[in-house]
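The values are calculated or read from the model by the stated rules, or taken from the named source; none is laboratory data. Computed from a predicted structure; not experimentally measured. Every residue, glycine as well, gets a Cβ built from its backbone with ideal geometry; the counts of neighbours run over all protein chains shown.
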């Protein structure tokens, strides 16, 4: 190994050590101040209740197709959330579990379930209008509420930036939900 590689390796090791130390500190704060707080209970409910509602109100014969689209929303929103946190665009004060660097409530429950319910409700309606409503609600209502109750803290982010992202996420979910290219295994 060259000297440059050793230098880079040491710097990267220092970053990982720092990250590990900060994760342990965050876990202690989460355990001592967040776990079982009213905010934690709200997050837990927002993680579970949407899925319960989806199970009750889903179009059962379309469950697989809807889950396919919902899983896409979950993966994309989690990744974008991870990027936003990593680059200091926003952060979260409360979460159900402290080990995931994104807002589980939002990425793994609210957004995918909301998108699946939008997809199945009045499927003949324009997906562009549905995407517009989905984007408006999530950008300007939900983000504002989460900020107001102290779950979400934008640093270098504006809800206007979220609008086109939510729009594109919904349009892709709609596209995926309409695919007929599934063949039996």
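If the condition is being in contact with a helix residue (DSSP H, G or I) (Cβ under 8 Å, 6 or more places away or on another chain) and without any contact (Cβ under 8 Å) to a residue 60 or more places away in the chain, then segment 63-96 contributes 67, 71, 74, 78, 81, 96. Which residue is surrounded by the fewest Cβ atoms within 10 Å (Cβ to Cβ), if the candidates are limited to segment 60-96 and must be under 12 Å from the mean Cα position of the chain (by Cα) and closer than 18 Å to residue 35 by Cβ? Result: 92.
Look at segment 80-95 and say how many of its residues are assigned to a helix (DSSP H, G or I) and touching a strand residue (DSSP E or B) at 6+ places or on another chain (Cβ under 8 Å).
Quick first cut of segment 80-95, residues assigned to a helix (DSSP H, G or I) only: 80-86.
Pick out the ones that are also touching a strand residue (DSSP E or B) at 6+ places or on another chain (Cβ under 8 Å) and you get 84-85.
Adding up the residues that qualify gives 2.
In segment 97-174, counting only helices (runs of 4 or more DSSP H) that sit wholly within it, the ones holding 2 or more residues that are touching a helix residue (DSSP H, G or I) at 6+ places or on another chain (Cβ under 7 Å) and surrounded by 15 or more Cβ atoms within 10 Å (Cβ to Cβ) span 111-120, 127-136. Going residue by residue through segment 7-30, is there one that turns out to be over 22 Å from residue 172 (Cα atoms), without any contact (Cβ under 8 Å) to a residue 60 or more places away in the chain and assigned to a loop (DSSP other than H, G, I, E, B)? The answer is no, given that none of the residues of segment 7-30 is over 22 Å from residue 172 (Cα atoms), without any contact (Cβ under 8 Å) to a residue 60 or more places away in the chain and assigned to a loop (DSSP other than H, G, I, E, B).
Is it true that some residue in segment 123-139 is under 25 Å from residue 20 (Cβ atoms) and at pLDDT below 95? Reasoning before the result, please.
Taking segment 123-139 and keeping what is under 25 Å from residue 20 (Cβ atoms), we get none.
Checked against the condition, which is being under 25 Å from residue 20 (Cβ atoms) and at pLDDT below 95, segment 123-139 yields no hits at all.
Residues in segment 36-59 that are in a loop (DSSP other than H, G, I, E, B) and in contact (Cβ under 8 Å) with a residue 24 or more places away in the chain were compared, and the one that is farthest from the chain's Cα centre (by Cα) is 59.
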